[in-house]
Amino acid sequence: MSLHELRTSLGVVRSGLTDTAAQAAHARELLEDYRRALLSAQSGTGTAASGEPWLPPPLARAFDQLDEHIAQLGNVESALNQYEARL
């Protein structure tokens, strides 16, 4: 594989990485919207006055997993930048 072909392939990888990061950011926004909707629905029922609002336990895990995924994408981008700098 020539250097030009390698750079082209890395450009494709970078494009996919960018798309994936954008999708992960959008997924986090959707989770935030869901969380706000749950809290908003409960605020009208008096739940907030009687204690902490209820959120499904898997929601916190979803945020944690998504944040971990986003961090991993950042690590991949850093590694890709280092690799490209060596070329």
Query raised in the report: Does Ala41 satisfy the criteria of being of a type in the set (A, V, I, L, M) and at pLDDT below 95?
Result: yes
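Kindly evaluate Val12 against the criterion of being closer than 30 Å to Leu87 by Cβ, among the aliphatic types (A, V, I, L, M) and either in contact with an Asp or Glu (Cβ under 6 Å, 6 or more places away or on another chain) or free of Cβ contacts under 8 Å to residues at least 40 places away in the same chain (or both).
The answer is yes for Val12.
Quick one: which residue in Arg61, Arg28, Arg7 is touching an Asp or Glu at 6+ places or on another chain (Cβ under 9 Å) and modelled with pLDDT of 95 or more?
On the way: Arg61 fails: touching an Asp or Glu at 6+ places or on another chain (Cβ under 9 Å); Arg7 fails: modelled with pLDDT of 95 or more.
So the residue among Arg61, Arg28, Arg7 that is touching an Asp or Glu at 6+ places or on another chain (Cβ under 9 Å) and modelled with pLDDT of 95 or more is Arg28.
The values are calculated or read from the model by the stated rules, or taken from the named source; none is laboratory data. None of the values given here were measured: they were computed from a predicted structure. Glycine gets a Cβ as well: all are built from the backbone with ideal geometry, and neighbour counts include every protein chain shown.
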